[in-house]
């Protein structure tokens with residue numbers, strides 16, 4: 001049982017993007033610079049808000065093309081968090097293009113699919129939608145820890 005005012009924030013779910021669960025987390029990041037990409041602006045902005053609350057610097061992009069432009073201009077991105085299903089270029093295609101620019105860039109692929117379509121294989125860490133703030137925080141910590149070791 002959770003007591004009111006004891007580290008849990010209940011959000012107005014009618015204002016949250018579909019597929020996200022909003023609870024405040026006690027997990028804090030190490031202040032990494034993260035690029036968040038999703039064509040759904042509400043999901044992107046919600047993830048950016050969550051990551052910022054966790055102590056990270058979170059940048060937003062609303063398309064793969066916008067994300068690539070940011071990656072071409074900046075060398076301080078510590079990790080890429082991208083949705084799989086986007087118009088024009090999938091998150092997997094974006095991840096591969098991002099790795100061509102930054103070969104050691106950690107990538108988290110976010111998807112609403114329990115399994116990706118047949119024939120789609122990758123070695124990127126994955127986070128399944130819907131996810132909560134703790135899920136996102138843990139996966140980002142795992143992603144960053146994996147590259148630090």
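Taken together, the values in this text are just the output of simple stated rules run on the coordinates, not laboratory data. Source: prediction; values computed, not measured. Glycine gets a Cβ as well: all are built from the backbone with ideal geometry, and neighbour counts include every protein chain shown.
For the reader, a short list of remarks on this structure follows.
- Label-to-label distance, nm, for residues given as residue 147 and residue 49 (7 Å Cα→Cβ offset): 2.6
- What the Cβ-Cβ distance of residue 74 and residue 41 gives, at R0 = 22 Å and to the nearest 0.05, is a FRET efficiency of 0.55.
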